[in-house]
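The values are calculated or read from the model by the stated rules, or taken from the named source; none is laboratory data. It should be emphasised that the depicted structure is a prediction, and the values quoted were computed from it without experimental measurement. Heads up, the Cβs are rebuilt from the backbone with ideal geometry, glycines too, and the neighbour counts pull from every protein chain shown. Side chains included, ligands, DNA and RNA excluded: accessible areas come from the protein's heavy atoms. Shrake-Rupley method; radii C 1.70, N 1.55, O 1.52, S 1.80 Å.
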Amino acid sequence: MRSLLQELKTYPQLLFVGAILSFEHLLTLFFWLTERPVQWVLSPSNPSVCWPLYSYCADLKPSSLVLGIILTLYGVTAAAGTFFWLRKNFRWGIITLWILIGIKCLIILQDYRLTGNYHYVPTLIALCFLLVPSRAYTLPFSFFVIYFTAGLLKLTPIWWNAEAINERLLPPIVNQIGVWYVLILELAIIFWLFSKKNLWFYFVFVQLVLFHLYSWHLTRFFYPTVMLTLLGILLVTRSMAPPLGFTQTFKKVYSSSQAKLLTAFFILLQIPQYLIPGDAALTGEGRMYAMIMYDGRTQCQPYLTLWKKNKEKEDMPLQPPWLITRTKCDAMVYWRLAQNICSWTKKDPSVVQVDLYIPVRYEHTEEWQPLVAATDVCNKELTYSSFFPNTWINKVTRNAANQGEGSIKPEED
(Lines give C-alpha, C1' and ligand atoms only; values in the text may rest on other atoms or scores of the structure.)
Protein backbone atom coordinates (compact mmCIF):
# COMPACT_ATOMS: atom_id res chain seq x y z
CA MET A 1 0.00 0.00 0.00
CA ARG A 2 2.85 2.38 0.81
CA SER A 3 4.23 2.27 -2.74
CA LEU A 4 0.82 2.96 -4.25
CA LEU A 5 0.11 5.83 -1.83
CA GLN A 6 3.43 7.44 -2.72
CA GLU A 7 2.70 7.20 -6.44
CA LEU A 8 -0.79 8.61 -5.91
CA LYS A 9 0.81 11.72 -4.38
CA THR A 10 3.13 12.05 -7.37
CA TYR A 11 0.54 11.11 -9.99
CA PRO A 12 -2.93 12.00 -8.67
CA GLN A 13 -4.34 10.89 -12.06
CA LEU A 14 -4.02 7.32 -10.74
CA LEU A 15 -7.19 7.92 -8.74
CA PHE A 16 -9.11 7.43 -11.99
CA VAL A 17 -7.53 3.99 -12.37
CA GLY A 18 -8.75 3.05 -8.90
CA ALA A 19 -12.21 4.40 -9.74
CA ILE A 20 -12.32 2.41 -13.00
CA LEU A 21 -11.28 -0.81 -11.27
CA SER A 22 -13.88 -0.29 -8.52
CA PHE A 23 -16.60 0.58 -11.04
CA GLU A 24 -15.86 -2.68 -12.87
CA HIS A 25 -17.25 -4.51 -9.85
CA LEU A 26 -20.54 -2.65 -10.26
CA LEU A 27 -20.64 -3.97 -13.83
CA THR A 28 -19.93 -7.46 -12.47
CA LEU A 29 -22.82 -7.17 -10.02
CA PHE A 30 -25.16 -6.10 -12.83
CA PHE A 31 -23.94 -9.08 -14.88
CA TRP A 32 -24.57 -11.46 -11.98
CA LEU A 33 -28.07 -10.11 -11.53
CA THR A 34 -29.01 -10.26 -15.22
CA GLU A 35 -27.14 -12.25 -17.87
CA ARG A 36 -25.59 -14.82 -15.50
CA PRO A 37 -27.87 -14.76 -12.45
CA VAL A 38 -25.69 -15.93 -9.61
CA GLN A 39 -28.79 -16.57 -7.47
CA TRP A 40 -29.78 -19.34 -9.90
CA VAL A 41 -26.29 -20.74 -10.38
CA LEU A 42 -25.84 -21.03 -6.61
CA SER A 43 -29.44 -22.02 -5.91
CA PRO A 44 -29.77 -24.90 -3.40
CA SER A 45 -31.88 -26.75 -6.00
CA ASN A 46 -29.11 -26.47 -8.62
CA PRO A 47 -26.32 -29.11 -8.43
CA SER A 48 -22.94 -27.53 -7.73
CA VAL A 49 -19.99 -27.75 -10.10
CA CYS A 50 -17.15 -27.46 -7.60
CA TRP A 51 -13.60 -26.52 -8.52
CA PRO A 52 -11.18 -29.47 -8.21
CA LEU A 53 -9.34 -27.94 -5.25
CA TYR A 54 -12.60 -27.10 -3.48
CA SER A 55 -14.66 -30.28 -3.63
CA TYR A 56 -16.93 -29.42 -0.71
CA CYS A 57 -18.36 -26.20 -2.20
CA ALA A 58 -21.89 -27.63 -2.07
CA ASP A 59 -21.62 -27.99 1.72
CA LEU A 60 -20.74 -24.29 2.05
CA LYS A 61 -23.18 -22.97 -0.54
CA PRO A 62 -24.83 -19.84 0.90
CA SER A 63 -28.58 -19.71 1.34
CA SER A 64 -30.60 -17.35 -0.86
CA LEU A 65 -30.81 -14.88 2.01
CA VAL A 66 -27.08 -14.96 2.77
CA LEU A 67 -26.20 -14.71 -0.92
CA GLY A 68 -28.50 -11.70 -1.25
CA ILE A 69 -26.73 -10.03 1.66
CA ILE A 70 -23.31 -10.80 0.15
CA LEU A 71 -24.31 -9.35 -3.22
CA THR A 72 -25.73 -6.26 -1.53
CA LEU A 73 -22.49 -5.75 0.41
CA TYR A 74 -20.54 -6.31 -2.80
CA GLY A 75 -22.51 -3.61 -4.60
CA VAL A 76 -22.32 -1.16 -1.69
CA THR A 77 -18.56 -1.72 -1.38
CA ALA A 78 -18.06 -1.19 -5.13
CA ALA A 79 -20.03 2.05 -5.04
CA ALA A 80 -18.21 3.20 -1.90
CA GLY A 81 -14.84 2.31 -3.41
CA THR A 82 -15.57 4.33 -6.54
CA PHE A 83 -16.64 7.23 -4.32
CA PHE A 84 -13.50 6.99 -2.18
CA TRP A 85 -11.26 7.17 -5.24
CA LEU A 86 -13.06 10.14 -6.75
CA ARG A 87 -12.95 11.97 -3.40
CA LYS A 88 -9.20 11.25 -3.15
CA ASN A 89 -9.59 9.07 -0.07
CA PHE A 90 -6.84 6.83 -1.36
CA ARG A 91 -6.28 4.64 1.68
CA TRP A 92 -9.92 3.54 1.85
CA GLY A 93 -10.01 3.24 -1.93
CA ILE A 94 -7.18 0.71 -1.77
CA ILE A 95 -8.79 -1.20 1.11
CA THR A 96 -12.15 -1.45 -0.64
CA LEU A 97 -10.51 -2.61 -3.88
CA TRP A 98 -8.83 -5.49 -2.02
CA ILE A 99 -12.16 -6.35 -0.38
CA LEU A 100 -13.91 -6.33 -3.77
CA ILE A 101 -11.32 -8.69 -5.28
CA GLY A 102 -11.74 -11.00 -2.29
CA ILE A 103 -15.56 -11.06 -2.48
CA LYS A 104 -15.52 -11.68 -6.23
CA CYS A 105 -13.02 -14.55 -5.92
CA LEU A 106 -15.00 -16.15 -3.09
CA ILE A 107 -18.22 -16.02 -5.12
CA ILE A 108 -16.52 -17.48 -8.21
CA LEU A 109 -14.96 -20.17 -6.02
CA GLN A 110 -18.47 -21.39 -5.15
CA ASP A 111 -19.08 -22.74 -8.67
CA TYR A 112 -16.87 -23.34 -11.70
CA ARG A 113 -19.60 -22.01 -14.01
CA LEU A 114 -18.99 -18.50 -12.69
CA THR A 115 -15.49 -18.29 -14.16
CA GLY A 116 -14.60 -16.36 -17.32
CA ASN A 117 -12.05 -14.06 -18.96
CA TYR A 118 -14.26 -11.12 -18.05
CA HIS A 119 -13.25 -11.73 -14.41
CA TYR A 120 -9.74 -12.97 -15.13
CA VAL A 121 -8.52 -9.88 -16.99
CA PRO A 122 -9.73 -7.11 -14.63
CA THR A 123 -8.41 -9.05 -11.63
CA LEU A 124 -4.96 -9.27 -13.23
CA ILE A 125 -4.93 -5.55 -13.97
CA ALA A 126 -6.16 -4.74 -10.45
CA LEU A 127 -3.36 -6.83 -8.94
CA CYS A 128 -0.86 -5.03 -11.14
CA PHE A 129 -2.25 -1.68 -9.96
CA LEU A 130 -2.13 -2.68 -6.29
CA LEU A 131 1.21 -4.49 -6.23
CA VAL A 132 3.58 -3.39 -8.99
CA PRO A 133 5.42 -0.02 -8.79
CA SER A 134 5.99 2.47 -11.63
CA ARG A 135 2.30 2.19 -12.53
CA ALA A 136 2.51 4.74 -15.33
CA TYR A 137 4.46 2.08 -17.21
CA THR A 138 3.42 -1.22 -15.64
CA LEU A 139 -0.31 -0.71 -16.27
CA PRO A 140 0.07 -0.21 -20.05
CA PHE A 141 2.49 -3.14 -20.07
CA SER A 142 -0.10 -5.33 -18.35
CA PHE A 143 -2.49 -4.62 -21.25
CA PHE A 144 0.30 -5.50 -23.68
CA VAL A 145 0.90 -8.84 -21.92
CA ILE A 146 -2.83 -9.67 -21.97
CA TYR A 147 -3.39 -8.82 -25.63
CA PHE A 148 -0.12 -10.38 -26.80
CA THR A 149 -0.91 -13.58 -24.88
CA ALA A 150 -4.39 -13.57 -26.41
CA GLY A 151 -2.77 -13.38 -29.83
CA LEU A 152 -0.45 -16.28 -29.08
CA LEU A 153 -3.39 -18.39 -27.88
CA LYS A 154 -5.14 -17.69 -31.20
CA LEU A 155 -2.32 -19.24 -33.25
CA THR A 156 -4.39 -22.28 -34.14
CA PRO A 157 -5.97 -23.55 -37.39
CA ILE A 158 -9.39 -23.03 -35.82
CA TRP A 159 -8.72 -19.30 -35.62
CA TRP A 160 -6.86 -18.98 -38.93
CA ASN A 161 -9.78 -20.58 -40.76
CA ALA A 162 -12.30 -18.32 -38.98
CA GLU A 163 -14.06 -21.39 -37.58
CA ALA A 164 -13.95 -20.06 -34.02
CA ILE A 165 -16.21 -17.09 -34.74
CA ASN A 166 -19.92 -17.68 -35.03
CA GLU A 167 -20.38 -14.71 -37.36
CA ARG A 168 -23.73 -14.30 -39.07
CA LEU A 169 -23.76 -10.58 -39.87
CA LEU A 170 -20.86 -10.31 -42.30
CA PRO A 171 -19.83 -12.27 -45.43
CA PRO A 172 -17.28 -15.09 -44.87
CA ILE A 173 -14.50 -13.22 -46.67
CA VAL A 174 -14.88 -10.24 -44.31
CA ASN A 175 -14.83 -12.61 -41.35
CA GLN A 176 -11.64 -14.25 -42.66
CA ILE A 177 -9.92 -10.90 -43.08
CA GLY A 178 -11.12 -9.86 -39.62
CA VAL A 179 -9.63 -12.81 -37.75
CA TRP A 180 -6.26 -12.29 -39.45
CA TYR A 181 -6.38 -8.60 -38.61
CA VAL A 182 -7.00 -9.42 -34.95
CA LEU A 183 -3.84 -11.57 -34.99
CA ILE A 184 -1.86 -8.70 -36.49
CA LEU A 185 -3.37 -6.29 -33.96
CA GLU A 186 -2.54 -8.43 -30.93
CA LEU A 187 0.87 -9.67 -32.06
CA ALA A 188 2.31 -6.66 -33.89
CA ILE A 189 0.33 -3.42 -33.80
CA ILE A 190 -0.03 -3.71 -30.02
CA PHE A 191 3.67 -2.72 -29.68
CA TRP A 192 2.67 0.82 -30.67
CA LEU A 193 1.09 1.22 -27.25
CA PHE A 194 4.60 2.28 -26.23
CA SER A 195 5.23 4.59 -29.18
CA LYS A 196 6.67 7.98 -28.31
CA LYS A 197 4.36 9.48 -30.91
CA ASN A 198 0.80 10.04 -29.78
CA LEU A 199 -0.48 9.38 -33.29
CA TRP A 200 0.50 5.70 -33.14
CA PHE A 201 -0.61 5.27 -29.55
CA TYR A 202 -4.10 6.59 -30.32
CA PHE A 203 -4.21 4.52 -33.51
CA VAL A 204 -3.73 1.35 -31.44
CA PHE A 205 -6.20 2.58 -28.83
CA VAL A 206 -8.90 3.18 -31.44
CA GLN A 207 -8.27 -0.27 -32.96
CA LEU A 208 -8.77 -1.90 -29.55
CA VAL A 209 -11.97 0.09 -28.98
CA LEU A 210 -13.34 -0.93 -32.38
CA PHE A 211 -12.36 -4.55 -31.75
CA HIS A 212 -14.35 -4.70 -28.53
CA LEU A 213 -17.28 -2.79 -29.98
CA TYR A 214 -17.44 -5.29 -32.84
CA SER A 215 -17.29 -8.25 -30.45
CA TRP A 216 -20.45 -7.05 -28.68
CA HIS A 217 -22.79 -9.19 -30.79
CA LEU A 218 -20.50 -12.23 -30.43
CA THR A 219 -19.91 -12.22 -26.67
CA ARG A 220 -22.92 -10.20 -25.44
CA PHE A 221 -22.65 -7.00 -23.48
CA PHE A 222 -20.56 -7.78 -20.40
CA TYR A 223 -17.11 -8.72 -21.73
CA PRO A 224 -16.89 -5.83 -24.26
CA THR A 225 -18.23 -3.40 -21.66
CA VAL A 226 -15.60 -4.49 -19.13
CA MET A 227 -12.77 -4.22 -21.65
CA LEU A 228 -13.93 -0.84 -22.96
CA THR A 229 -14.08 0.41 -19.37
CA LEU A 230 -10.60 -0.90 -18.60
CA LEU A 231 -9.16 0.68 -21.75
CA GLY A 232 -9.76 4.03 -20.07
CA ILE A 233 -6.75 3.18 -17.92
CA LEU A 234 -4.52 3.55 -20.99
CA LEU A 235 -5.69 7.13 -21.45
CA VAL A 236 -4.97 7.88 -17.79
CA THR A 237 -1.44 6.47 -17.82
CA ARG A 238 -0.58 8.11 -21.14
CA SER A 239 -1.02 11.51 -19.47
CA MET A 240 1.12 10.65 -16.45
CA ALA A 241 4.66 10.18 -17.76
CA PRO A 242 6.54 10.50 -21.06
CA PRO A 243 6.51 7.29 -23.16
CA LEU A 244 9.81 5.46 -23.27
CA GLY A 245 9.31 3.05 -26.15
CA PHE A 246 8.92 -0.70 -25.77
CA THR A 247 12.48 -1.65 -24.83
CA GLN A 248 12.93 0.95 -22.11
CA THR A 249 9.42 0.32 -20.77
CA PHE A 250 10.21 -3.40 -20.58
CA LYS A 251 13.40 -2.73 -18.62
CA LYS A 252 11.67 -0.32 -16.25
CA VAL A 253 8.73 -2.64 -15.58
CA TYR A 254 10.86 -5.70 -14.94
CA SER A 255 13.29 -3.91 -12.69
CA SER A 256 10.77 -4.74 -9.95
CA SER A 257 10.52 -8.21 -8.43
CA GLN A 258 6.71 -7.85 -8.18
CA ALA A 259 6.39 -7.56 -11.96
CA LYS A 260 8.64 -10.58 -12.50
CA LEU A 261 6.68 -12.74 -10.05
CA LEU A 262 3.25 -11.70 -11.32
CA THR A 263 4.23 -12.25 -14.97
CA ALA A 264 5.88 -15.60 -14.21
CA PHE A 265 2.77 -16.74 -12.35
CA PHE A 266 0.56 -15.65 -15.25
CA ILE A 267 2.73 -17.47 -17.82
CA LEU A 268 2.88 -20.64 -15.71
CA LEU A 269 -0.92 -20.79 -15.67
CA GLN A 270 -1.00 -20.78 -19.49
CA ILE A 271 1.56 -23.59 -20.00
CA PRO A 272 -0.19 -26.83 -18.83
CA GLN A 273 -2.70 -26.84 -21.72
CA TYR A 274 0.24 -27.19 -24.14
CA LEU A 275 1.99 -29.95 -22.21
CA ILE A 276 -1.03 -32.26 -21.90
CA PRO A 277 -1.72 -34.39 -25.02
CA GLY A 278 -4.91 -33.74 -26.94
CA ASP A 279 -6.72 -30.61 -28.01
CA ALA A 280 -7.34 -28.45 -24.94
CA ALA A 281 -10.35 -26.83 -26.61
CA LEU A 282 -11.96 -30.30 -26.76
CA THR A 283 -10.63 -31.87 -23.56
CA GLY A 284 -10.61 -28.77 -21.34
CA GLU A 285 -7.49 -30.11 -19.65
CA GLY A 286 -4.73 -27.80 -18.44
CA ARG A 287 -6.49 -24.50 -19.02
CA MET A 288 -8.75 -24.17 -16.01
CA TYR A 289 -6.72 -21.27 -14.62
CA ALA A 290 -5.60 -19.88 -17.99
CA MET A 291 -7.08 -17.31 -20.32
CA ILE A 292 -9.44 -18.97 -22.77
CA MET A 293 -9.68 -17.49 -26.25
CA TYR A 294 -11.91 -18.13 -29.25
CA ASP A 295 -10.18 -21.41 -30.04
CA GLY A 296 -13.09 -23.42 -31.35
CA ARG A 297 -16.79 -23.83 -30.73
CA THR A 298 -17.37 -27.31 -29.36
CA GLN A 299 -20.51 -29.41 -29.15
CA CYS A 300 -21.17 -32.29 -26.81
CA GLN A 301 -23.96 -34.62 -25.77
CA PRO A 302 -22.98 -35.86 -22.30
CA TYR A 303 -25.11 -38.48 -20.63
CA LEU A 304 -25.12 -41.13 -17.93
CA THR A 305 -26.18 -44.71 -18.52
CA LEU A 306 -27.90 -46.23 -15.50
CA TRP A 307 -27.87 -50.04 -15.51
CA LYS A 308 -30.68 -51.68 -13.56
CA LYS A 309 -30.87 -55.03 -11.79
CA ASN A 310 -33.40 -56.22 -14.33
CA LYS A 311 -30.72 -55.65 -17.02
CA GLU A 312 -32.53 -52.63 -18.43
CA LYS A 313 -30.67 -49.39 -18.95
CA GLU A 314 -31.68 -45.74 -18.77
CA ASP A 315 -29.80 -42.93 -20.49
CA MET A 316 -29.85 -39.67 -18.53
CA PRO A 317 -28.78 -36.53 -20.47
CA LEU A 318 -26.60 -34.08 -18.57
CA GLN A 319 -27.46 -30.53 -19.49
CA PRO A 320 -26.62 -28.18 -16.62
CA PRO A 321 -27.69 -24.56 -17.08
CA TRP A 322 -25.47 -21.48 -17.11
CA LEU A 323 -22.39 -22.97 -18.77
CA ILE A 324 -20.29 -20.52 -20.79
CA THR A 325 -19.45 -21.35 -24.41
CA ARG A 326 -15.78 -22.15 -23.86
CA THR A 327 -16.27 -24.53 -20.92
CA LYS A 328 -19.61 -26.11 -21.74
CA CYS A 329 -17.99 -29.40 -22.77
CA ASP A 330 -15.29 -29.61 -20.09
CA ALA A 331 -15.15 -33.16 -18.76
CA MET A 332 -14.68 -31.83 -15.23
CA VAL A 333 -18.18 -30.32 -15.27
CA TYR A 334 -19.85 -33.64 -16.03
CA TRP A 335 -17.58 -35.55 -13.65
CA ARG A 336 -18.91 -33.29 -10.90
CA LEU A 337 -22.51 -33.80 -12.01
CA ALA A 338 -21.96 -37.56 -12.13
CA GLN A 339 -20.71 -37.40 -8.53
CA ASN A 340 -23.89 -35.59 -7.52
CA ILE A 341 -26.08 -38.20 -9.20
CA CYS A 342 -24.05 -41.04 -7.69
CA SER A 343 -24.95 -39.73 -4.25
CA TRP A 344 -28.57 -40.76 -4.82
CA THR A 345 -28.10 -43.77 -7.14
CA LYS A 346 -26.11 -45.44 -4.35
CA LYS A 347 -29.27 -45.28 -2.27
CA ASP A 348 -31.33 -46.88 -5.05
CA PRO A 349 -30.93 -50.67 -4.94
CA SER A 350 -32.33 -51.02 -8.45
CA VAL A 351 -29.27 -49.26 -9.95
CA VAL A 352 -26.22 -51.51 -10.18
CA GLN A 353 -23.88 -49.42 -12.33
CA VAL A 354 -23.54 -45.88 -13.71
CA ASP A 355 -21.44 -45.06 -16.79
CA LEU A 356 -20.44 -41.60 -18.01
CA TYR A 357 -20.17 -40.78 -21.72
CA ILE A 358 -19.24 -37.47 -23.33
CA PRO A 359 -19.26 -37.48 -27.15
CA VAL A 360 -17.66 -34.26 -28.39
CA ARG A 361 -16.88 -32.53 -31.66
CA TYR A 362 -16.13 -29.17 -33.19
CA GLU A 363 -19.08 -27.29 -34.61
CA HIS A 364 -17.84 -27.66 -38.18
CA THR A 365 -17.09 -31.39 -38.08
CA GLU A 366 -19.46 -34.30 -38.55
CA GLU A 367 -17.89 -37.08 -36.50
CA TRP A 368 -18.29 -37.34 -32.74
CA GLN A 369 -15.36 -38.46 -30.60
CA PRO A 370 -15.50 -40.17 -27.19
CA LEU A 371 -14.01 -37.57 -24.86
CA VAL A 372 -15.08 -39.69 -21.90
CA ALA A 373 -16.31 -43.29 -21.81
CA ALA A 374 -15.98 -44.19 -18.14
CA THR A 375 -17.79 -47.19 -16.72
CA ASP A 376 -18.99 -47.73 -13.16
CA VAL A 377 -18.12 -44.16 -12.18
CA CYS A 378 -19.94 -44.38 -8.84
CA ASN A 379 -17.66 -47.13 -7.58
CA LYS A 380 -14.41 -45.86 -9.04
CA GLU A 381 -12.38 -43.18 -7.32
CA LEU A 382 -12.00 -40.87 -10.31
CA THR A 383 -10.04 -37.73 -9.57
CA TYR A 384 -9.40 -34.60 -11.60
CA SER A 385 -6.09 -32.77 -11.93
CA SER A 386 -6.09 -29.16 -13.10
CA PHE A 387 -2.47 -29.25 -14.27
CA PHE A 388 -1.73 -32.86 -15.29
CA PRO A 389 -3.34 -35.43 -17.63
CA ASN A 390 -6.39 -37.32 -16.36
CA THR A 391 -6.39 -40.97 -17.38
CA TRP A 392 -10.18 -41.20 -17.74
CA ILE A 393 -10.27 -38.35 -20.30
CA ASN A 394 -9.40 -39.38 -23.86
CA LYS A 395 -6.84 -37.13 -25.57
CA VAL A 396 -8.99 -36.26 -28.57
CA THR A 397 -7.73 -33.90 -31.26
CA ARG A 398 -9.10 -31.85 -34.10
CA ASN A 399 -7.23 -33.94 -36.69
CA ALA A 400 -8.81 -37.14 -35.40
CA ALA A 401 -12.20 -35.49 -35.70
CA ASN A 402 -11.54 -34.51 -39.31
CA GLN A 403 -10.29 -38.00 -40.18
CA GLY A 404 -13.04 -39.80 -38.30
CA GLU A 405 -10.59 -41.72 -36.10
CA GLY A 406 -12.18 -43.26 -33.05
CA SER A 407 -15.45 -41.60 -33.92
CA ILE A 408 -18.79 -42.48 -32.44
CA LYS A 409 -22.32 -41.40 -33.00
CA PRO A 410 -24.60 -40.59 -30.08
CA GLU A 411 -27.90 -42.36 -29.92
CA GLU A 412 -29.64 -39.08 -30.58
CA ASP A 413 -27.96 -36.61 -32.88
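Since only 286, 264, 210 are under comparison, the one whose Cα sits farthest along the positive direction of the charge dipole of region 201-331, derived from C-beta charges on Lys, Arg, Asp and Glu, is 264.
Only the Cβ atoms of Lys and Arg (+1) and of Asp and Glu (-1) were treated as charged; on that basis the dipole of region 107-209 about its Cα centre amounts to roughly 300 debye. Among rounded, prolate and oblate, which fits region 93-175 when a ≥ b ≥ c are the square roots of the eigenvalues of its C-alpha gyration tensor, a/c under 1.5 means rounded, and a/b larger than b/c means prolate? Judged from the Cα gyration tensor, region 93-175 comes out oblate (a/c at least 1.5, b/c at or above a/b). For region 265-347, a/c is not less than 1.5, where a ≥ b ≥ c are the root eigenvalues of the C-alpha gyration tensor, and a/b tops b/c. That puts it in the prolate class.
Local charge sum around residue 128 (other residues, Cβ-Cβ under 15 Å, Lys/Arg +1, Asp/Glu -1)?
Net local charge, residue 128 excluded: +1.
For the chain, with all protein chains in place and a probe radius of 1.4 Å, 64% of the accessible heavy-atom surface sits on carbon or sulfur.
Checked against a 29 Å cut-off, the cross-linked pairs 61/380; 197/252; 104/380; 309/395; 61/313 give Cα-Cα distances beyond that limit for 104/380; 309/395; 61/313. Packing, as the average of other Cβ atoms within 10 Å across residues, places the peptides 129-136, 235-242 in the order 129-136, 235-242, highest first. Measuring between their Cα centroids, region 144-195 and region 65-85 lie 36 Å from each other. Accessible surface computed residue by residue for the chain, with neighbouring protein chains in place and a 1.4 Å probe, gives 47 Å² per residue. How many percent of Cα pairs in the chain exceed 41 Å? Distances greater than 41 Å cover 20 percent of the Cα pairs. Could you check the spin-label model distance between residue 195 and residue 310? Points 7 Å from the Cα along Cα→Cβ, value in nm. That separation, rounded to one decimal, is 7.5 nm.
Rounded to the nearest 10 degrees, what's the angle between the helix 14-33 long axis and the longest principal axis of the chain, both from Cα atoms, 0 to 90? Relative to the chain, helix 14-33 is tipped by roughly 30 degrees.
Ranked from largest, the principal axis spans of the Cα set of region 1-88 equal 52, 28, 20 Å. Each of 319, 389, 373 was placed along the dipole of the chain (beta-carbon charges, centred on the mean Cα), and the one lying farthest toward the positive end is 389.
For the chain, the longest principal axis of the C-alpha atoms and the axis of helix 64-86 are separated by about 20°. Relative to the dominant Cα principal axis of the chain, helix 117-131 is inclined by about 40°. By the rule of a second cysteine Cβ within less than 4.7 angstrom, the chain holds isolated cysteines at 105, 128. Helical runs assigned H by DSSP (4 residues or longer) give the chain a calculated mean residue ellipticity at 222 nm of -16500 deg cm²/dmol, each run adding -39500 (n - 2.57) before division by the residue total. Rounded to the nearest 20 debye, the dipole size of region 328-370 about its Cα centre is 320 debye, using +1 on the Cβ of Lys and Arg and -1 on the Cβ of Asp and Glu. In terms of the Cα gyration tensor, with a ≥ b ≥ c the square roots of its eigenvalues, is region 213-297 rounded because a/c is under 1.5, prolate because a/b exceeds b/c, or oblate? Because a/c hits 1.5 or more and a/b fails to exceed b/c, region 213-297 counts as oblate. When the charge dipole of the chain is built from unit charges on Cβ atoms (+1 for Lys and Arg, -1 for Asp and Glu) and taken about the Cα centre, the candidate among 156, 53, 250 whose Cα reaches farthest toward its positive end is 250. Each Lys and Arg Cβ is given +1 and each Asp and Glu Cβ -1; about its Cα centre, the chain then shows a dipole of about 1740 debye.
I'd like the FRET efficiency for residue 155 and residue 55, computed as 1/(1 + (r/R0)^6) with the beta carbon distance as r and R0 of 41 Å, rounded to 0.05. About 0.75, to the nearest 0.05.
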